[in-house]
Each structure stands twice: as C-alpha cells, then as structure tokens.
Amino acid sequence: MRDESTVALYDLNAEIERFPPDAGSVARHRAEILIKTATLRVVLVTMLTGGEMHEHAAPGPTTIQVLRGSIRLTIDDVAQDLNEGHLISLAGGVQHAVNGIADGAFLMTIAHLDYEPDPGGS
C-alpha cells in the first residue's frame, strides 16, 4: 500500500503476482489496497475459482474491472458474468457479491465523494 502522492505507477501484472489469492482460506481470495487517499481507494482482488466475497457495499461510486479470469457479480439476486477486459460501475451503497468463475484478478475502484477536508488544515 502506498500513501497519497502526486504520481504513482503500478505494474498490475507484477502486483497480481505479488499478491496471490489464499488457497488455504475459505474465501479463496485476497484483497490488497494499492491506493488509499481521502477520496479514492483502489483495491486489487486476486481470486481463485470458487472464491467468494460475501454481499457488501462500498460507500461511494465503484468500478470493477476484470484484469484476468472471470467473476460473477450478483446484485439483488441478478447475476452478471464479467470476463477479462470487462468494466462495470455501481452507485455507492449498492449491495453486491462476487464469485470466482475462473482464477484471476480484478480492480475495485471506490470514490469517496462526500469527503470534506478539515477547514483547520489537519
């Protein structure tokens, strides 16, 4: 994880190799925050076939971009299969679950639009 900076370059293939999913866990996935600022989170999720992220919601608008493999995104009992190269956007607060269809990785980008800087500068 890196703190706020003016410019940061990521080699996503290297990050995927660096953070393999945990085959020994029940969830069969691993989530690592690559970028964390007051207004933005970028999370790399590596997931094995059969892995799952239980239903959850992000506080702000979210995109999910499949980098490798395939996932199934479920919203309100409606499933959408997403493959490598697919990108989907969700409004903030939308409950969703993710299941791994084929070993792979995806980026979850979450905006925090209601962030207000401290007027005192701290």
- line: Using alpha-carbon coordinates alone, the radius of gyration and Dmax of the chain in Å work out to 15.0, 49
message: Using Cα springs under 10 Å in a Gaussian network model of the chain, which residue among Asn13, Asn83, Asn99 shows the largest mean-square fluctuation?
response: Asn13
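Mind checking the full-extension length gain between Leu40 and Asp76? Use 0.36 nm per residue of separation minus the Cα-Cα distance, one decimal, nm. Intermediate values should be presented prior to the final figure.
Values: separation 36, 0.36 × 36 = 12.96 nm, distance 2.56 nm.
Computed gain between Leu40 and Asp76 is 10.4 nm.
What is the fewest-to-most order of Val98, Val78 by other Cβ atoms lying within 10 Å of their Cβ?
Working: Val98 21, Val78 7.
By the 10 Å Cβ count, ascending, the order reads Val78, Val98.
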query: Using a simple spin-label model with points 7 Å from Cα along the Cα→Cβ vector, what separation in nm is obtained for His54 and Asn13?
result: 3.7 nm
- prompt: Gaussian network model of the chain, Cα springs within a sub-10 Å range: biggest mean-square fluctuation belongs to which of Val43, Val94, Val26?
  reply: Val26
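Evaluate the Kirkwood expression for the hydrodynamic radius of the stretch 1-50, namely the inverse of the mean inverse distance over all pairs of different C-alpha atoms, and round to one decimal in Å.
Details: mean 1/r = 0.0838 Å⁻¹.
For the stretch 1-50, the Kirkwood estimate is 11.9 Å.
Computed from the coordinates by the stated procedures, all read-outs in this text should not be read as laboratory data. Here the structure is a predicted model, which is why all the values come from computation and not from measurement. Positions of Cβ are generated from backbone atoms using ideal geometry, with glycine treated the same way; all protein chains shown enter the neighbour counts.
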